[in-house]
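Presented below is the structure to which this report refers.
The values are calculated or read from the model by the stated rules, or taken from the named source; none is laboratory data. Computed from a predicted structure; not experimentally measured. When we count neighbours, we look across all protein chains shown, and the Cβ atoms used for this are built from the backbone with ideal geometry, even at glycine. Note: areas computed on protein heavy atoms with side chains; ligands, DNA, RNA excluded. Shrake-Rupley method; radii C 1.70, N 1.55, O 1.52, S 1.80 Å.
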Amino acid sequence: TIAVVDNVAPTLLCPAPKSLSTSVGVCTGTVTLDIPVLSDNCDPDPYFTVRTSYGAVGTGPHPSVPLGTHSVVYTAWDACGNSRSCTTTVTVGDNERPIAICDDELVVSVNETGTAMVTARTFNEGSRDNCVVNLYYKVRRMTTGACNNINGDDSPTTSGIQEWFDDNVVFCCS
């Protein structure tokens, strides 16, 4: 008897690593994976399977994929059961800016010396971010050098007064 045997695995070219941003307003992304390039020496129609480190199978779309870099394993199969695998990555990043909501009716009272220090958090009126729970707040005056430079010079080596965003800001009577 003569037996024809195929013991050569299909060729498989993995898709390039993929990066995407979270979906608007949430801290997860929807991933649709690319199709690999595959061929086989005997099988005119090899097929592939996909599995991911975030638990999904197939090319998707996969909703609610968490932030981070995830591995994606493609495996090509031919009709004789030969297989070959390759691995690539998909990265979900947070590229959505926080939404700053400022108190537009804040009233500040000055003390007996004619000044008042206000923390940055005081100006917050519901700011939020799609991924970060604990936001950090910074503040600065709209005009630099006010109140005889009471907010200081944040860069004495740079010419002119440099007031940068800080944890608090000082106001005065002028």
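So here's what we get for this one:
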| read-out | value |
| --- | --- |
| Criterion (under 30 Å from SER127 (Cβ atoms) and among the hydrophobic types (A, V, I, L, M, F, W, C)) met by exactly one of VAL8, VAL26, VAL4 | VAL26 |
| Per-region count, region 30-54, residues touching a Pro at 6+ places or on another chain (Cβ under 8 Å) and part of a strand (DSSP E or B) | 5 |
| Restricting region 83-102 to residues that are in contact with a Phe, Trp or Tyr (Cβ under 8 Å, 6 or more places away or on another chain) and open to solvent by 40 Å² or more (accessible area, probe 1.4 Å), the residue that is nearest to PRO15 (Cα to Cα) | THR87 |
| Filtered residue count, region 83-100, keeping only those that are of a type in the set (D, E, K, R) and outside any loop (DSSP other than H, G, I, E, B) | 1 |
| Where ARG121 falls short, out of the listed (1) of a type in the set (Lys, Arg); (2) under 30 Å from THR22 (Cα atoms); (3) in a loop (DSSP other than H, G, I, E, B) | (3) |
| Filtered residues of region 1-20 (kept if surrounded by 15 or more Cβ atoms within 10 Å (Cβ to Cβ) and assigned to a strand (DSSP E or B)) | LEU12, LYS18, LEU20 |
| Looking only at region 55-82, and only at residues there that are open to solvent by 50 Å² or more (accessible area, probe 1.4 Å) and in a loop (DSSP other than H, G, I, E, B), the one that is farthest from VAL8 (Cα to Cα) | LEU67 |
| Count of residues meeting criterion [farther than 30 Å from ASP94 by Cα and free of Cβ contacts under 8 Å to residues at least 24 places away in the same chain] in region 104-147 | 10 |
| When residues of region 21-54 are limited to those that are touching a residue at least 60 places away in the same chain (Cβ under 8 Å) and open to solvent by less than 60 Å² (accessible area, probe 1.4 Å), the one farthest from VAL132 (Cα to Cα) | VAL31 |
